[in-house]
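Peer 1: So that we are looking at the same thing, I have put the structure below in structure tokens.
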Amino acid sequence: ARMTPDHLKYTNEHEWALVTETGTIRFGITDHAQESLGDIVFVTLPDPGSQVEAGENCGEIESTKSVAEIFAPISGVVVARNDVVETSPETINADPYGAGWLAEVNPADPTAIDALLSAADYEAVVSAAS
């Protein structure tokens with residue numbers, strides 16, 4: 001069964017976002033997204049120090065089936081990226097909400113995350129699409 005943890009926020013582009021203890025926003029793709037993609041073989045992530053805009057492309061995830069763009073869930077400056085998924089992309093399939101996170105952003109507006117979808121809202125988006 002698909003997992004949609006309640007403590008996270010979500011986007012229509014099938015990404016999740018989490019406010020870390022330091023106030024940065026960590027994000028990745030959802031369980032539903034990794035399931036749709038199938039076996040992930042290659043990931044391109046934004047560089048630390050680069051500026052990302054909410055809803056804009058900031059990287060790519062390639063699977064055996066297709067290539068998906070990574071969209072930033074929030075605007076800000078990238079402060080960290082998860083090098084683990086670049087060397088072991090299958091980590092995203094195994095643990096999309098944990099070890100398979102993609103990047104962390106220092107948000108331009110910390111309250112912007114409040115506008116993202118709740119777990120229930122995201123589940124509704126996924127159900128409507130299937």
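Peer 1: Take the conditions in a helix (DSSP H, G or I), over 18 Å from ASN106 (Cβ atoms) and not small (Gly, Ala, Ser) and apply them to VAL41. Does it pass?
Peer 2: no
Conditions tested, residue by residue: (1) touching a residue at least 40 places away in the same chain (Cβ under 8 Å); (2) open to solvent by 20 Å² or more (accessible area, probe 1.4 Å); (3) in contact with a Cys (Cβ under 6 Å, 6 or more places away or on another chain).
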position	(1), (2), (3)
ILE70	yes, no, yes
VAL77	no, yes, no
ASP83	no, yes, no
ILE92	yes, no, no
TYR97	yes, yes, no
ALA112	yes, yes, no
LEU117	yes, yes, no
ASP121	yes, yes, no
VAL125	yes, yes, no
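Peer 1: If we keep just the residues of the range 99-110 that are part of a loop (DSSP other than H, G, I, E, B) and under 14 Å from THR20 (Cβ atoms), which is most open to solvent (accessible area, probe 1.4 Å)?
Peer 2: If we take residues in the range 99-110 being part of a loop (DSSP other than H, G, I, E, B) and under 14 Å from THR20 (Cβ atoms), then TRP101 is most open to solvent (accessible area, probe 1.4 Å).
Peer 1: In the range 1-49, which residues are under 14 Å from TRP101 (Cα atoms) and of a type in the set (Val, Ile, Thr)?
Peer 2: Hits for the range 1-49 are VAL19, THR20, THR24, ILE25, ILE29, THR30, ILE40, VAL43, THR44.
Peer 1: Taking only pairs six or more apart or across chains, which ones have beta-carbon atoms under 9 Å, a first residue in the range 29-51 that is farther than 19 Å from ARG81 by Cα and without any contact (Cβ under 8 Å) to a residue 24 or more places away in the chain, and a second residue that is part of a loop (DSSP other than H, G, I, E, B) and not acidic (Asp, Glu)?
Peer 2: Cβ pairs passing all conditions: SER36/HIS14; SER36/LYS65; SER36/SER66.
The values are calculated or read from the model by the stated rules, or taken from the named source; none is laboratory data. All figures in this text were calculated on a predicted structure; none of them were measured in a lab. Please note: Cβ atoms are built from the backbone with ideal geometry, for glycine as well, and neighbour counts cover all protein chains shown. Areas reflect the complete protein model, heavy atoms only, side chains present, ligands, DNA and RNA absent. Shrake-Rupley method; radii C 1.70, N 1.55, O 1.52, S 1.80 Å.
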